[in-house]
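For reference, the structure discussed in these notes is given below.
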Amino acid sequence: MGHQEQSQQTIEKLMKSGVELFSRQGYSNTSIDQIVKHAGYSKGGFYAHFPSKEEFLLKIIKDGIDFFFDDLKAALEQKDRNLLAKFKDYSLRLVKESYKQGSSLLLIHGCMNSNELPMVKERLIQQMEEWRQFLTHFYQVMKDEGIVGSPLDARILATASMALFNGINLQHFVDDRIRLEDMLLVLLDLLQIQESN
């Protein structure tokens with residue numbers, strides 16, 4: 001195995017351990033020592049890849065959600081695209097995978113603790129604004145193509161979609177009878193999707 005592959009494997013193991021421990025013990029109650037011990041590495045291995053525990057948390061959150069936006073960007077670039085079908089598929093994948101990986105819960109946890117972690121708060125604001133701007137653009141394209149029929153501004157729809165994502169994840173975390181998949185039904189209604197016959 002090459003150095004780059006080994007480095008990536010180390011990052012993945014550390015992040016998996018971080019998600020497990022943050023989810024079980026909370027961010028504040030989890031130390032870097034616990035993360036590296038759980039992953040089977042040294043503190044040096046951690047600091048070779050992450051400058052701080054805060055940056056580590058932010059990477060877990062970003063990596064666990066960014067795939068959705070990467071998928072949507074790729075869909076926009078395709079000539080023969082079906083934006084609605086792809087949006088539905090990618091949205092379901094987002095709620096399921098980000099919850100399973102723990103990134104959606106860590107996003108909520110990071111937001112709730114951000115007043116105690118000013119750098120995390122600042123970076124989460126920037127990250128969520130980046131996501132909001134792209135989603136605004138994507139919704140505007142869907143409006144222009146007659147897919148989204150809501151009279152609401154695309155940015156308001158993007159903000160509401162993000163709030164819906166966070167809310168359904170929080171409720172599912174507390175009560176697993178709340179189905180993550182139901183988010184898509186509400187989201188499509190919010191957007192007033194115009195299905196072509």
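For region 76-92, the criterion of being of a type outside the set (D, E, K, R), part of a helix (DSSP H, G or I) and over 17 Å from LEU187 (Cα atoms) is met by at least one residue.
Give the residue that is modelled with the lowest pLDDT, with candidates limited to residues of region 41-67 that are outside any helix (DSSP H, G or I) and small (Gly, Ala, Ser). Checking each candidate, the answer is SER42. What pairs come out if I take residues in region 122-147 that are farther than 20 Å from ASP63 by Cβ and touching a residue at least 12 places away in the same chain (Cβ under 8 Å) and pair them with residues that are assigned to a loop (DSSP other than H, G, I, E, B) and open to solvent by 30 Å² or more (accessible area, probe 1.4 Å) whose C-beta lies under 7 Å away, six or more apart or interchain? The qualifying pairs are GLY146/GLN194; ILE147/GLN194.
The values are calculated or read from the model by the stated rules, or taken from the named source; none is laboratory data. Keep in mind the model is a prediction, meaning the values are calculated, not measured. Here Cβ is always computed from backbone atoms with ideal geometry, including for glycine, and neighbour counts include all displayed protein chains. For the accessible areas, the whole protein counts, side chains as well, though only heavy atoms, and no ligand, DNA or RNA atoms are used. Shrake-Rupley method; radii C 1.70, N 1.55, O 1.52, S 1.80 Å.
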